[in-house]
Ligand SMILES: Nc1ncnc2c1ncn2[C@@H]1O[C@H](COP(=O)(O)OP(=O)(O)OP(=O)(O)O)[C@@H](O)[C@H]1O
Ligand code: SF4
Ligand SMILES: [Mg+2]
């Protein structure tokens, strides 16, 4: 890929702890093109938020990060905290799962919008944008505290702040609609896609909801047990998944349409963060053999797809 906005290479995140280390991300590599929505999908605990935390450098002190995260010609794993402060929230914005975690519960909405948007807030164009994305009623209640707003209003407010305050190049959205009902979720997703078009945003979109991934993303990375096991264009991923885990996820959907389904349980127990050598999916994989149980498969490029599996040809 020429000149991606984000290039993650061989990323490793390990958390230290009294009861031993946990490897949450292991040898993960992917790129996000300019203007692209790249999805990260996987079961709970597969390492998605740890990838986002590493990009934003917002991991706890116990975390050890290896590999490179190239953004704007800088390796974010290596740069100093001063450089990182200029990047975080400005060049790269984060949209969290729980909007309230990013807002103060004791300051009014108007005050907090002022902190982030400053004088820009009074520009006619910005006010028009805020109204056009449904924040007119919120601005009329600018003396209210954030907890007086609905989840959808809060998430729209955060998208507006994240997109308009510093015009970031990259937005990290870590399950931003999980707490919203279906109608509000659809509005928030629409808004994100509109912002992408209007501002030329690139988005790293994390979700365990296949329907949202299908709707939002241009390309998708599937995580399993701290590894990225498949990276493919969204159409290829749903039409011809190559990794047995991706195949199991899609086969577990009730219809061939990915439109209405979250990740369902597939047989077996999800890989823990500390695991045996070999492929992490081996205990659940119908194709597993001795090679799988002893040797980690390396990423293999097949057309526009990258897949980590010893036996891709056997099933696809
Ligand atoms: N601060 C931490 N200290 C120790 N282990 C952690 C910490 N944060 C995450 N982990 C572990 O790292 C692994 C990956 O966690 P992570 O939160 O990145 O997964 P996730 O894919 O985002 O899951 P979810 O879908 O539940 O949000 C898990 O085993 C988790 O228990
Ligand atoms: S490497 Fe082996 S165990 Fe792992 S997904 Fe492929 S076939 Fe299954
Ligand atoms: Mg997470």
Quick check on residue 232: is it more than 26 Å from residue 89 (Cβ to Cβ), within 16 Å of ligand 2 (Cβ to nearest atom) and touching a strand residue (DSSP E or B) at 6+ places or on another chain (Cβ under 8 Å)?
yes
Is at least one residue of the stretch 54-73 farther than 22 Å from residue 188 by Cβ, out of contact with any helix residue (DSSP H, G or I) (no Cβ under 9 Å at 6 or more places or on another chain) and within 16 Å of ligand 3 (Cβ to nearest atom)?
yes
Name every residue in the stretch 73-96 that is touching a strand residue (DSSP E or B) at 6+ places or on another chain (Cβ under 9 Å), under 22 Å from residue 199 (Cβ atoms) and in a loop (DSSP other than H, G, I, E, B), in order of residue number.
76, 91, 96
Being under 22 Å from the mean Cα position of the chain (by Cα) and under 17 Å from residue 163 (Cβ atoms) narrows it down to one of 66, 89, 73, 53, so name that one.
89
What tally of residues in the stretch 23-51 results from selecting those that are near ligand 1 (Cβ under 8 Å from one of its atoms) and not in a strand (DSSP E or B)?
10
Working carefully through the options 258, 277, find the one that is crowded, with 19+ Cβ neighbours inside 10 Å, in contact with a helix residue (DSSP H, G or I) (Cβ under 7 Å, 6 or more places away or on another chain) and at pLDDT below 90.
258
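The values are calculated or read from the model by the stated rules, or taken from the named source; none is laboratory data. These figures come from a predicted structure and were not determined experimentally. Positions of Cβ are generated from backbone atoms using ideal geometry, with glycine treated the same way; all protein chains shown enter the neighbour counts.
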